Each structure stands twice: as structure tokens, then as C-alpha cells.
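Asker: The structure under discussion is supplied below as C-alpha cells; questions concerning it will follow.
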Amino acid sequence: MLPRLLRPRRRAPAAWIVAALAVAVAPAARGATYTITTLAEDTDANGNCTLREALIAAANDGTQDLCVGDVGADTIVLAAVGTYSLQAGEIIDGFRAITVRGDPAHPASSYVVDLGGAQRFLWLDFDAALTLENLTLANGLGTTHGGAILANNSDLTLRDVTITGSHAENGGGVTFVTFAGHDHHLDVESARFEANGATGDQAYGGGLEVGLQGAGSARIVRASFLDNRIDAASGGFSRKGGGLSLESFSGGTIELRHLDVEGNVIDAPSFAQGAGIELFVSSTAAFLLEDVLIAGNEIAVADGTNGPSGLDLDLEGPPATVRRLRLTGNLGTAGRDQAVIQAGGATSATISDLLVVDG
Ligand SMILES: [Ca+2]
Ligand SMILES: [Ca+2]
């Protein structure tokens, strides 16, 4: 006897065919568009749709006041120029896709979300997707990872976005981490990570922490990492990447281009590496690092285990292209080198056009 799914089907009655056609032509879920016209924060049924209400509606497909829930992927448009308050507690998004954008009529600096040193903008937890366009996130507070955004096994896209004044133990501004079986993508284009801080005893990424732990890929193009910090007081291990820390263990392709990395600091008594950038890649997918300025970054404490000050690049397997790097003035009080570049394992690395001056 054939398994049930393989048995020949009887001819469908006419009514079934009509019903099937009706399903076929029914419009797909389009998702809701929430246009936010108030800077205030509330979850009261008072006849408005605040940013908090829209994020909760989008993260749950449920109605909040005038934000009507929809099963599709949702878009939130910040239509009021000014500073939005989002400080009343963590919002978690699992499985849903959300886009939040500032109205293109004004620049990203016109749409600020003030997280009040109280919460992240959003915690993406498993197979969610967030796209941010043309806005600024300020004063976020995460716990262990991701001050303004924690993307855990989820897609994250940042375009024309500034992340500033945010703190967590790792990933002071943003943490993007993905594990085996969750092949998610980080896409950053035209973004600024400024004056964020990682505060863990063991800390990765003062501005941005990327961890590809068995899957995932990253593209970061035209991004600035300015004046971010890692501050670690006691004597633990691994304080890495004052501006950017990216580590890949069997992750996918990595493309890093047109980066401006200036004024980042690691202030730690020991084991501080890459006050500007720290990159460790032990995958076999392509790696590209090009057109990067690394200037004036600092390892603040003199210790034999500390350094380099500008760039710590360790390639352990990928076919790698590294070119057109400018390192200047990465001195600090203790950084013994502006850059350390290591290529081991099966890496085939082409490294060219390095300018290292004033250090
Ligand atoms: Ca309301
Ligand atoms: Ca939805």
C-alpha cells in the first residue's frame, strides 16, 4: 500500500477548485504601517499610536491602542521630528520582521529615540528581523550584550543610523550574534557608532560586537566608530575591540569597507587587544577589509599583556584580502604596536597598501 501522501488523489469537486482559486488570489499579508506623530511614550488606550505601542504591536501582531495588529511584516515611520522617549522597559521581538525609519524628509539626527539609560531599543530573540533607517538611538542600556540593540540569531540591517551613548557588558552600542543553524545577516551601511561603552570584566566591542558562532555573515560599509570605550577594572581576560570586535567561528562571508575608526579606548589593566578594531576569523568563507582609517585609538594602561592599539587582526582560515589601511597616531600610553596582523591555518591572505605613520 502506498503511503498516504503518495496515493493518487481523487478528482477535486468543483466547489473545492473554486475555494482553492479564492485562496490563490487572496492578497498576501502586507503588514501594518504605523505612522508615529507623537514623541510621547504611553501604553494607554488614549487614542494614539506611540512608538512603544507600535513596537509592541509589531512584535506581537496584536493591537495596541490605535496601532492595529497585523500578521505581516510591519513598518513604523517616525513622522514627528524630535526626541522620542522609549524608557518604560524591554521589548522583545521573536520571529517577526520590523522596519523602523525616520521620514526621509529630514536627516537621521532629526529622529532621536532616547532610551533613557533604561533599556534597549529592541531585543531580537531568534529568527526575527529588524531594519532601521534614518534615525538615531541614544542612551541605551543592555545587560550582558547589546546596549541599544541585541540581535540574537536574527537579521539586522542599519542604514543611515547613529547609535550613541549606549552601554552593556559587551557590545556597548549593538551586539549581533548568530549560532549554527541560524544563518542570519548583519548589513550595516552608512552608520555611526559614537561614544558607546562596554563595561564587562571580559568585554568585546565598545561600539559593535559581532559574533558568528557557526553561521551568519556580515557586511559593514561606510561606518564610523568614534570615541567608544571598554572600561574594565579588575583582572580578567579578553578586552577586545574598543570600536569594533568581530569574531567568526565557521561563519559566512565578511565584508568590511570604508571604515573610519578614531578615538576609541580600552582602559583595562591587562589583556586588552585592538582599541580600534579586533578581528578574529577562523572560517573558510571570504574575508575583505579595505579602505579603513584607524587613527588615535588608545590602550590606556601600561601592561605587558596589552596591545596593539589600532588593529588586532587574526586570520585563521579564510581567503582574505586586506588593503588600503591607514594607521596613524594609535599610541596610547601602553599600546606597543599600532597593528598586529596574523595569518595562520589555511589562510590565503593578500595584504597590501598599508600606511602606518606617527606611532
Ligand atoms: Ca496610547
Ligand atoms: Ca506584524
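Asker: Which order do Phe287, Phe225 fall in if you start with the one that has the fewest other Cβ atoms within 10 Å?
Answerer: Going from sparsest to densest Cβ surroundings: Phe287, Phe225.
Asker: Give me Cys67, Cys49 sorted ascending by neighbouring Cβ count inside 10 Å, so fewest comes first.
Answerer: Lowest count first: Cys49, Cys67.
Asker: Using helices alone, I'd like the mean residue ellipticity at 222 nm for the chain: each DSSP H run of four-plus residues gives -39500 (n - 2.57), total over residue count, nearest 500.
Answerer: -2000 deg cm²/dmol
Asker: Using a simple spin-label model with points 7 Å from Cα along the Cα→Cβ vector, what separation in nm is obtained for Thr63 and Asp353?
Answerer: 5.8 nm
Asker: How fast does the stretch 29-121 diffuse by Stokes-Einstein, in µm²/s, taking the Kirkwood radius from C-alpha pairs at 10 °C and 1.306 mPa s?
Answerer: 120 µm²/s
Asker: Please give the Cα centre distance for the stretch 286-306 versus the stretch 139-187, rounded to the nearest Å.
Answerer: 21 Å
Asker: OK, next. As I understand it, the value is the acute angle between the Cα axis of helix 51-60 and the longest principal axis of the Cα atoms of the chain; what does it come to in degrees, rounded to 10?
Answerer: Its long axis makes an angle of about 70 degrees.
Asker: Arrange the following residues from fewest to most other Cβ atoms within 10 Å of their Cβ: Ser109, Ser282.
Answerer: Final ranking by Cβ density, sparse to dense: Ser109, Ser282.
Asker: Still on this structure, I have one more. Any idea how far apart Ala79 and Ser109 come out in nm if each label point goes 7 Å out from Cα toward Cβ?
Answerer: Between Ala79 and Ser109, the label points sit 2.6 nm apart.
Asker: Under 5 Å between amide hydrogens, which residues at least 5 positions from Ser283 or on another chain qualify, with H placed 1.01 Å from N in the peptide plane?
Answerer: Ser250, Glu316
Asker: Let me ask something additional. Taking Rh as the Kirkwood radius computed over C-alpha pairs, what is the Stokes-Einstein D of the chain at 20 °C in a medium of viscosity 1.002 mPa s, expressed in µm² per second?
Answerer: The calculation lands on 100 µm²/s.
Asker: While we're on this one: Tell me, what ³J(HN,Hα) does each residue in the stretch 33-44 have, in order and in whole Hz, if you take phi through Karplus 6.51 cos²θ - 1.76 cosθ + 1.60 with θ = phi - 60° and put x for Gly and Pro?
Answerer: Residue by residue, the stretch 33-44 yields 10, 9, 9, 9, 10, 10, 7, 6, 10, 7, 10, 8 Hz.
Asker: Let me check I've understood the local charge: for Ala198, count other residues with C-beta under 9 angstrom from its C-beta, Lys and Arg +1, Asp and Glu -1. What total comes out?
Answerer: Residues close to Ala198 contribute a combined charge of -1.
Asker: Still on this model: Note down the net charge around Ser154, summing +1 for each Lys or Arg and -1 for each Asp or Glu among other residues with Cβ under 9 Å from its Cβ.
Answerer: -4
Asker: How many nm separate the modelled label positions at Asp187 and Glu90, each set 7 Å beyond the Cα in the direction of the Cβ?
Answerer: Distance between the two pseudo-spin positions: 2.8 nm.
Asker: A further question on this structure: Name the residue from Ile56, Thr35, Ala108 whose Cα lies farthest towards the positive end of the charge dipole of the stretch 29-121, charges +1 on Cβ of Lys and Arg and -1 on Cβ of Asp and Glu.
Answerer: Of Ile56, Thr35, Ala108, it is Ala108.
Asker: So, one more: Once both axes come from the Cα atoms, what is the angle between helix 14-25 and the longest principal axis of the chain, in degrees from 0 to 90, rounded to 10?
Answerer: 30 degrees
Only the coordinates and a few stated rules stand behind these numbers; no lab work does. Quick caveat: nothing in here was measured; it's all calculated off a predicted structure. Cβ atoms come from the backbone with ideal geometry, glycine included; neighbour counts cover every protein chain shown.
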